[in-house]
Amino acid sequence: MTALTATTAGPRQMKDANNVVYSEYLMKASVTIYHGGLVMLGTDGYAIPAADTSNCKVVGVADETVTSTSAADGTFSVRVMSNARFRFASSST
């Protein structure tokens, strides 16, 4: 899976839109979380872009783009959508 380098259009179709839960998570320092990308909590509890990493938990889809460069852990937060089904574009690579 390739990491996002820009904002995406987000999920193509969102089912159960009436049940979406919005949450705010404090972010790890020096990361960018892009709108429409999956968000996970690292082992330290801070939000980071989702990746194939053990001992971390995916919490939802970013509802905004936030860059936390030049800041300490927990200085910025990101709004995340969850409790719904999302459809994403995919490729064979």
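The values are calculated or read from the model by the stated rules, or taken from the named source; none is laboratory data. Nothing here was measured: the structure is a model prediction, and the numbers come from that model. Please note: Cβ atoms are built from the backbone with ideal geometry, for glycine as well, and neighbour counts cover all protein chains shown. All accessible areas refer to the heavy atoms of the entire protein, side chains included, with ligands and DNA or RNA removed. Shrake-Rupley method; radii C 1.70, N 1.55, O 1.52, S 1.80 Å.
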Practice item. Would you check which residues across region 60-93 are outside any strand (DSSP E or B), open to solvent by less than 70 Å² (accessible area, probe 1.4 Å) and β-branched (Val, Ile, Thr) and list them? Key: 65
Check your understanding: Give me the pairs: first residue in region 63-74 and farther than 8 Å from residue 30 by Cβ, second residue open to solvent by less than 20 Å² (accessible area, probe 1.4 Å), beta-carbon distance under 6 Å, and six or more apart or on different chains, which are they?
Key -> 63/81; 66/33; 66/78
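Looking only at residues in region 13-51 that are part of a loop (DSSP other than H, G, I, E, B) and loosely packed, with under 12 Cβ neighbours inside 10 Å, which one is modelled with the lowest pLDDT? If you could, list the steps in order and put the result at the bottom.
Restricting attention to region 13-51, the residues satisfying the condition of being part of a loop (DSSP other than H, G, I, E, B) are 16, 20, 28-31, 34-37, 42-46, 50-51.
Of the ones still in play, those that are also loosely packed, with under 12 Cβ neighbours inside 10 Å are 16, 43-44.
Working: 16: 65, 43: 94, 44: 95.
Filtering first and then ranking leaves 16.
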